[in-house]
Structures are given as structure tokens and as C-alpha cells.
Amino acid sequence: MRHHQYNPDFKFVRDPESFDKYTDRELLQYCLGAAMYMPGFKDFAPKILSNAMPGLTTIVLCCEDACPEEKVPEAEENIHKLLDTVTNAVNDGTLDKDKVPLIFVRIRNLEQFKHFGEGLTKNQVRSLCGINFPKFNAENGYEYYAYLQDLNDRFGEIIYGMPIIEDPEVAYKETRMYELTGIKKILDKYRHLVLQVRVGGTDFSSVFGVRRGVDYSIYDIMAVRECLCDIINVCGRNNDYVISGPVWEYFRAPKSMMFDELPKHGIEDYLMRRKALVNNEIDGLLREVILDKANGFVGRTVIHPTHVKFVNAMMAVTKEEYDDACQILGTGGGVVKGTGGNKMNEVKPHTNWANKVLNRARAFGVIENEGAYVKLFAVEE
């Protein structure tokens, strides 16, 4: 799999690298990009086999919120069948392994996880990248990861786990740090199985009875912003774990862009100054992704296929960022003028940033400048 295949003619300064579930974890954790949720009981196999969505690199088959409880058995059966179908298609040559997205399953709870796991076969596991753990907290986390480790040992394969931090105990200020430090201990014990940490902005908003409008960012919702800030503080220190951004709830298919000619200057000039770019729903998403990057999030959960290419395009690295990162990591110490001649690169304090930029560059590619973001996503799929 490789990012931006919806735009095969785009010229990168540095092409994004190919990846699959067996890619080294240190790079793979940066590769997920826009992870699209879909109900586990829907048969997505035909779309994978036909490469119907070339830009989609990560899917999450959901047995929780997107799946009524009475349909969970149907969802488990459907997911097992889909995994078999994909593995068999790769084995018999009818599906190029580079066209297989990273496939995850969002389980409902520990009991359902074990029931799903007992039905897995080694053939299915070859196409299963990982499990998403909802409402992950300091109490249920150990059991989730202990059983995941059992599955890895049983099949001799790699199946990652991704905790979703969205529990009310994290939302509540008086219990938040206790919960987060407990969660961090679990993640540290099973670090080799942790691919990303995911966050639940909608669940946090629900606790406080709020919902961001299309013209607001999740970072404008103060109580939710504090939750996200503390998750980054505890889990994102020294790039310990890659943390993805929360879902954006609004969608409208951009049947055509709102401009006749692509803007030649920075995309942030448009979005942060509230100049119309695509439409209200997509512009809001793009603004939030810009703030994701500023705050250290990489990729995000999406619930609509129109969001995928916009999120993944914005994860690409500009040449100036890339050159600065290379300069920082290639210099022994001290302070040097940035490659654009417009900033200070202080080697030691900027090293974590530089490592994150280089990993994003490998995953999503390097583009010439900010104007190239629009050229990357402004194509018909």
C-alpha cells in the first residue's frame, strides 16, 4: 500500500514509501493516515478486490458504535470471511498485495474480543493488522493486551492493538491524570504491540453535552481541548507513541472546487483566514488537520470516504520542513539558520520534531511547498 494513489500523476520531491502490516513498527505507526470506520456487518471485500477507493489505506471494521448489538455475530462472521477473501486473493494473484489496505477491527468489549479471536485462523490473521480497543482505561487495558499477546503467540504473527482513549474517567478532571498514568504503564509494558493511540473527541464532547459546529474546531471546545492536551502530554512525550486526531463529523461531497484556478500561495492563508476553499464541511476538516499537526497528532479517524484524500494529503511534508529536519538530524549540536533562511533550527530541542517530520515524509511523501497541498488533493477520484 502507498499513500495518494488516487493522484498517480502528482510529482513529489520525495515519493511516499510503500507499507503493509509487516513494515517495521517505527515507520508503520506513522502510515495509517485517515483511518475510515465502517460497520463490521457490511461486506467491504468487493471494494478491496476492485481497488474501488485507491486513496483509502486504512479501514476499521466496527463491532461497537457503528454496529447494533444484535448484529455483532453477523459482523464477526462477515469480518472473518472478508479476511479470508483478501488473503486468498493475494495468494492466488488476483489481488496485488500493494493494494491491500491496513485492516483493523474495533471490538465491542473484552468478551466479544475473545469470541472474535477464538474464531480467527492463521489465514485470516495474515490480512488483519490490528484491533481497536474502545473505552480503553487503566482497568480493562491489561486484559485487552494480555489476550492480544496470546493471539500473537498462538499464530506466530503480528496483530497490533490501538487503544481508544475516550473513557469518562479521562474526561473528568479529578480522575484524568490517574487514568492516563495507568494507561501509560499498560502501553509501556506492551509497547511492541501498540501501533497508535487514538482519541475519542465525540465521546469526550458527549460527557459535557457539547458538540462542535461546522465552523468550529475541536480545539475550540475547552473541556475537550484539555483532555486532548493531557493525552498528548502523557503519551506523546519524546515521541513515545503516535497519537491520531479525533473524527470530524461533517461531510459534503465536493462535486467541484470553489476556485477555477488553484491558489499559488499557502493553504493556511486560505483556511486560517476563513477564505472559502472547497466547502464549509471540508474547509472545517482541513483547518482542524492543520491544528492537529501543530499539536503533534498524526492522521485521524474519518467516517466518510470524502475525507480520506484531504487528511492524507495534509500529512505530506513540505520541502522546507524536510530540509530543516535533515539539517537538524545531520548537525552535531548548537543553533543553525534554517534552510529557508527564515528561522532558527536549534538542534537538541528540535530533534523530536525532526524525527517525526522524517517519518511523516517517508509515509506521506515530500511536496514542493504549501501550495502543492491543494494540487495533491484537488483531483477527481
Quiz item: Under 7 Å by Cβ, and 6 or more places apart or on different chains, what pairs join a residue from the range 162-182 that is touching a residue at least 24 places away in the same chain (Cβ under 8 Å) and within 18 Å of F297 (Cβ to Cβ) with one that is part of a loop (DSSP other than H, G, I, E, B) and of a type in the set (A, V, I, L, M)?
Solution: M162/L195
Quiz item: Mind checking whether some residue in the range 99-115 is more than 25 Å from L193 (Cβ to Cβ) and under 23 Å from the mean Cα position of the chain (by Cα)?
Solution: yes
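Please specify each residue of the range 209-243 satisfying the condition of being on the phi > 0 side of the Ramachandran plot and exposed (fewer than 15 other Cβ atoms within 10 Å of the Cβ).
Of the residues in the range 209-243, the ones on the phi > 0 side of the Ramachandran plot are 209, 238-239.
If the condition is that a residue be on the phi > 0 side of the Ramachandran plot and exposed (fewer than 15 other Cβ atoms within 10 Å of the Cβ), then G209, N238 are the ones that fit.
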Self-check item: E320, sole failed condition from (1) out of contact with any strand residue (DSSP E or B) (no Cβ under 9 Å at 6 or more places or on another chain); (2) over 19 Å from N355 (Cα atoms); (3) of a type in the set (D, E, K, R)
Solution: (2)
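Considering E346, E370, E321, which residue is loosely packed, with under 15 Cβ neighbours inside 10 Å and not small (G, A, S)? Steps first, please.
Working: E370 fails: loosely packed, with under 15 Cβ neighbours inside 10 Å; E321 fails: loosely packed, with under 15 Cβ neighbours inside 10 Å.
Testing whether each residue is loosely packed, with under 15 Cβ neighbours inside 10 Å and not small (G, A, S) leaves just E346.
When the range 128-154 is examined, which residues are found to be part of a loop (DSSP other than H, G, I, E, B) and farther than 16 Å from A35 by Cβ? Show your work before the answer.
Initially, the range 128-154 is screened for residues part of a loop (DSSP other than H, G, I, E, B), giving 128-129, 134-140.
Result: K135, N137, A138, E139, N140.
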Quiz item: From the list L110, L83, which residue is of a type in the set (A, V, I, L, M, F, W, C), within 20 Å of Y37 (Cα to Cα) and surrounded by fewer than 18 Cβ atoms within 10 Å (Cβ to Cβ)?
Solution: L110
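Of the residues in the range 1-34, how many are hydroxyl-bearing (S, T, Y) and not in a loop (DSSP other than H, G, I, E, B)? Working first, answer last.
Taking the range 1-34 first, the residues hydroxyl-bearing (S, T, Y) are 6, 18, 22-23, 30.
Cutting the leftovers down to not in a loop (DSSP other than H, G, I, E, B) gives us none.
Looking only at that region, the number is 0.
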Practice problem: Please enumerate the residues belonging to the range 183-199 that are free of Cβ contacts under 8 Å to residues at least 60 places away in the same chain and within 18 Å of N109 (Cβ to Cβ). | Solution: I183, I186
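Among the strands (runs of 3 or more DSSP E) lying completely within the range 284-357, list those that include at least 1 residues that are under 24 Å from N238 (Cβ atoms) and touching a Ser or Thr at 6+ places or on another chain (Cβ under 9 Å). Explain how you work it out, then say what you get.
Values: elements: 300-302, 335-337, 344-346.
Answer list for the range 284-357: 300-302, 344-346.
Quick check on V199: is it more than 30 Å from E281 (Cα to Cα), in contact with a strand residue (DSSP E or B) (Cβ under 9 Å, 6 or more places away or on another chain) and of a type in the set (A, V, I, L, M)?
Details: more than 30 Å from E281 (Cα to Cα): no; in contact with a strand residue (DSSP E or B) (Cβ under 9 Å, 6 or more places away or on another chain): yes; of a type in the set (A, V, I, L, M): yes.
No: the conditions fail for V199.
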Quiz item: What is the number of the single condition among (1) at pLDDT below 95; (2) under 15 Å from G365 (Cβ atoms); (3) not aliphatic (A, V, I, L, M) that G33 does not meet?
Solution: (1)
Quiz item: Of the conditions (1) under 23 Å from the mean Cα position of the chain (by Cα); (2) at pLDDT below 95, P68 fails just one. Which one is it?
Solution: (1)
Quiz item: For T58, all conditions in the list (1) hydroxyl-bearing (S, T, Y); (2) within 26 Å of N239 (Cβ to Cβ); (3) surrounded by fewer than 18 Cβ atoms within 10 Å (Cβ to Cβ) hold save one; what is the number of the exception?
Solution: (3)
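Kindly establish whether D43 is of a type in the set (D, E), touching a residue at least 24 places away in the same chain (Cβ under 8 Å) and more than 24 Å from E380 (Cβ to Cβ).
On the way: of a type in the set (D, E): yes; touching a residue at least 24 places away in the same chain (Cβ under 8 Å): yes; more than 24 Å from E380 (Cβ to Cβ): yes.
Criteria met by D43.
The values are calculated or read from the model by the stated rules, or taken from the named source; none is laboratory data. Keep in mind that this is a model prediction, so the values were computed, not measured. As a convention, Cβ positions derive from the backbone with ideal geometry for all residues, glycine included, and neighbour counts pool all protein chains shown.
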